[in-house]
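Participant: Questions regarding the structure given below will be posed in turn.
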Amino acid sequence: MKKAVVIGVTSHIGFALCQKLISKEVEVTGFEWPDKMDENSEEKIMQIGRNAFFQLHLNKNEDSTFDVAFMCIDEKLRNNEEEIKLSNSYSKNSRKLILLSNYTTKDYVRMYKDEIATPANTIYFPTLYGPWQPEHEIVHMRILDEMKTQMQESVAIPPVKDIIYVDDAADAILDIATTPIEGTDILLKNENPLTLHEIYQELNILIKSTEEVETPSGLKEFKVTNSLTIQDGLDAQRNCIKKRLNKR
């Protein structure tokens, strides 16, 4: 892979993926919708914006061709005509289109697939933790409570099935993008089934019930290797949060 475009470059997985691509000296075009550019997004772009292998596009397209287009889909995808047109333009100029989505937003993926003109593969992932995890996620919130010494009581949340360190998910996505794998739609799965339990135990998080979490069916599972211990992964997220708080 020599050239790639990441649509939704300031999303959690989009930013991690962009960093991985740049580290491999892949020429990366990062695309983001202007109204998603908040303070955190701007800080992410500052981290990679001076890299010779990266260029940012806001609400515009170019005629370059790409080996792979990665489209990060989240619950904020509006699917209006302008966005579909821009996304189609990028995907048509790419040899391969890969949609990236948490499996809780599978309905948005189906809606998007119905609108785009280019055939696409989908990689679903579970909850992701690590640096730059969105502030509404429970791991982020509990680390903040921990810093404020407010973690005496446990907190209960709806059931979650799996969790993966964000950089490991990005590595897996690149492996899938560059290696022929049978099946068009894939579900990332942590090779260690105890990771979620251990993280929640560390942060005093309780699951509200034992009801099964629905995941997309008929997918090929891809086991994700853990590059860090759980403690090191949480510490990386803690350090990221501390740096952001110190800048405010």
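The values are calculated or read from the model by the stated rules, or taken from the named source; none is laboratory data. Keep in mind the model is a prediction, meaning the values are calculated, not measured. All Cβ positions, glycine included, derive from the backbone under ideal geometry; neighbour counts span all protein chains shown.
Participant: Which condition number in (1) at pLDDT 75 or above; (2) under 19 Å from the mean Cα position of the chain (by Cα); (3) within 23 Å of P34 (Cα to Cα); (4) surrounded by 20 or more Cβ atoms within 10 Å (Cβ to Cβ) is the one that F66 fails?
Facilitator: Unmet for F66, out of (1) at pLDDT 75 or above; (2) under 19 Å from the mean Cα position of the chain (by Cα); (3) within 23 Å of P34 (Cα to Cα); (4) surrounded by 20 or more Cβ atoms within 10 Å (Cβ to Cβ): (2).
Participant: Looking only at region 1-30, which residues are touching a residue at least 60 places away in the same chain (Cβ under 8 Å) and part of a helix (DSSP H, G or I)?
Facilitator: If the condition is that a residue be touching a residue at least 60 places away in the same chain (Cβ under 8 Å) and part of a helix (DSSP H, G or I), then H12, I13, G14, F15, A16, L17, Q19, K20, L21 are the ones that fit.
Participant: Taking helices (runs of 4 or more DSSP H) that do not extend beyond region 78-169, which have at least 2 residues that are at pLDDT 85 or above and surrounded by fewer than 18 Cβ atoms within 10 Å (Cβ to Cβ)?
Facilitator: Once the helices (runs of 4 or more DSSP H) in region 78-169 are filtered for at least 2 residues that are at pLDDT 85 or above and surrounded by fewer than 18 Cβ atoms within 10 Å (Cβ to Cβ), what remains is 138-147.
Participant: Moving on to the next point. Looking only at residues in region 31-50 that are touching a residue at least 40 places away in the same chain (Cβ under 8 Å) and either hydroxyl-bearing (S, T, Y) or in contact with a helix residue (DSSP H, G or I) (Cβ under 9 Å, 6 or more places away or on another chain) (or both), which one is surrounded by the most Cβ atoms within 10 Å (Cβ to Cβ)?
Facilitator: F31
Participant: Cβ contacts < 6 Å: first residue closer than 24 Å to G218 by Cβ and surrounded by fewer than 19 Cβ atoms within 10 Å (Cβ to Cβ), restricted to region 183-205; second residue modelled with pLDDT of 95 or more and charged (D, E, K, R), any location; separation 6+ or different chain. Result?
Facilitator: From region 183-205, the pairs are E191/K223.
Participant: Name the residue that is modelled with the lowest pLDDT, counting only residues in region 199-224 that are assigned to a loop (DSSP other than H, G, I, E, B) and among the acidic types (D, E).
Facilitator: This residue is E211.
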